[in-house]
Amino acid sequence: MTTHVSSVDVDVLSASIRLRPKRRVRPGDPVVSRGERLRRGVLFDNEIDIIDCYIDLIAALAIAGGRGFQRTFRRHIVAGQTNAKHLLSFSDGAISACVYENVENLVVDGIVVNLSTQTIWHEGSVNAPIQPWRSSTVTKGKFLKADRIAVLKVEEPENIGGVMLRGWTWFGDVFRGLPRGIPLYVSSIDTVGSVSEDPMAFTRERPVAEEMRRFDIKLKLWWSPGKTDAFIHNEHPFLETHTQIYGYGRMQKFRQRKAEAVYEDVVMAPGFTHEPFCLVTGADEYKYPWHRYYADTDAFWLAIELHPQTPGQ
């Protein structure tokens with residue numbers, strides 16, 4: 001099995017190194033191996049030792065169990081940090097994307113998505129809320145407290161659509177049912193943590209959470225040029241919603257699997273997150289209408305997915 005180490009993991013390793021107690025090596029001190037210094041929790045002699053330690057720790061993570069171990073390690077490190085920041089795997093020079101955890105009095109610019117079950121507040125002449133799994137666009141927005149938020153911002157719009165040159169995947173290579181003529185591209189998927197949520201509270205079928213379920217939160221970006229039909233479908237083994245990041249489009253619902261059977265258009269503008277489309281029909285079972293994203297202009301939109309955890313996960 002091949003294990004990929006993302007920028008998130010490097011951020012965590014960097015944090016762990018910064019948290020180590022500082023110790024200077026003095027003349028006459030006995031020579032201690034790098035491995036022994038690390039075991040004792042002391043700072044490294046120089047920058048080369050720090051780089052070497054990055055390599056050793058990344059290799060250890062890969063050997064010790066892949067992404068699952070890395071997620072556990074990351075949660076352990078960030079548990080005591082305020083405003084812990086993790087770059088998302090699809091963040092690049094065109095669109096910056098990161099997640100902050102344990103937020104307190106944090107100032108950010110961009111589209112902010114509340115990735116938690118609690119309402120969060122940002123400061124203004126009148127403080128304003130962002131409801132769970134919803135979003136807003138802020139300029140120097142100060143967030144008073146939050147469990148977890150995603151922040152995305154278009155940094156360089158020129159040539160922004162060249163995602164296939166930046167490692168993105170044509171969705172037809174993932175899903176064989178996609179017609180060859182649809183220019184729909186998807187980024188890598190980033191699992192940013194887990195959350196306890198009542199599925200029926202997520203879908204607004206229940207006003208107050210009662211029956212909690214543990215979910216992994218997965219984020220990915222989509223891109224397509226204007227006038228793209230991003231494929232009518234109705235099957236997902238998870239809960240989802242979407243946030244518009246760039247351009248304009250529509251989330252549409254259909255009575256049948258054909259464009260002329262549309263019965264609802266939800267207009268998507270930058271910074272907007274739509275209501276969930278599904279209803280809960282059983283344990284980890286969700287019924288979606290026929291639906292699709294339709295790009296009116298060149299567009300990027302963020303998928304926010306809650307995947308039920310398996311027993312023992």
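When you count, for each residue, the other Cβ atoms within 10 Å and take the mean per peptide, how do 93-100, 242-249 rank with the highest first?
242-249, 93-100
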Taking r as the C-beta separation of Ala259 and Thr297 and R0 as 25 Å, the FRET efficiency to the nearest 0.05 is 0.85
Could you sort the peptides 138-145, 198-205, 177-184 by per-residue average Cβ neighbour count (10 Å cutoff), highest mean leading? 198-205, 138-145, 177-184
Amide H contacts under 5 Å for Met268, restricted to residues at least 5 apart in sequence or on another chain and with H modeled in the peptide plane, are Gly249, Arg250, Met251
Each residue of region 303-308 in order: what ³J(HN,Hα) in whole Hz does its phi give by Karplus 6.51 cos²θ - 1.76 cosθ + 1.60, θ = phi - 60°, with x for Gly and Pro? 8, 10, 10, 10, 9, x
May I ask you to evaluate 6.51 cos²θ - 1.76 cosθ + 1.60, the Karplus curve with θ = phi - 60°, for each residue of region 289-300 and list the ³J(HN,Hα) values in order in whole Hz, giving x for glycine and proline? x, 4, 8, 7, 9, 10, 8, 6, 10, 3, 8, 10
Taking a 27 Å limit on the Cα-Cα distance, which of the listed pairs Lys85/Lys287; Lys140/Lys253; Lys218/Lys287; Lys142/Lys220; Lys145/Lys253; Lys153/Lys287 fall beyond it? Lys85/Lys287; Lys140/Lys253; Lys145/Lys253; Lys153/Lys287
Checked region 163-308 against the a/c 1.5 cut and the a/b vs b/c comparison, axes a ≥ b ≥ c from its Cα gyration tensor; verdict prolate
Karplus (6.51, -1.76, 1.60) ³J(HN,Hα), θ = phi - 60°, over region 218-231, in Hz, Gly and Pro reported as x: 10, 10, 7, 9, 10, 9, 8, x, x, 6, 9, 8, 8, 6
With a ≥ b ≥ c taken as the square roots of the eigenvalues of the C-alpha gyration tensor of region 123-225, please select rounded if a/c is under 1.5 and otherwise prolate if a/b is larger than b/c or oblate if it is not? oblate
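Which of the three applies to region 107-178, rounded, prolate or oblate, going by the alpha-carbon gyration tensor with a ≥ b ≥ c and a/c under 1.5 meaning rounded?
Verdict is oblate for region 107-178.
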Student exercise, region 272-313 dipole from Lys, Arg, Asp, Glu Cβ charges, in Debye to nearest 20: 100 debye
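No value in this document is a laboratory result; all are computed from the given coordinates. From a predicted model like this one, the values you see are computed outputs, not experimental measurements. Glycine gets a Cβ as well: all are built from the backbone with ideal geometry, and neighbour counts include every protein chain shown.
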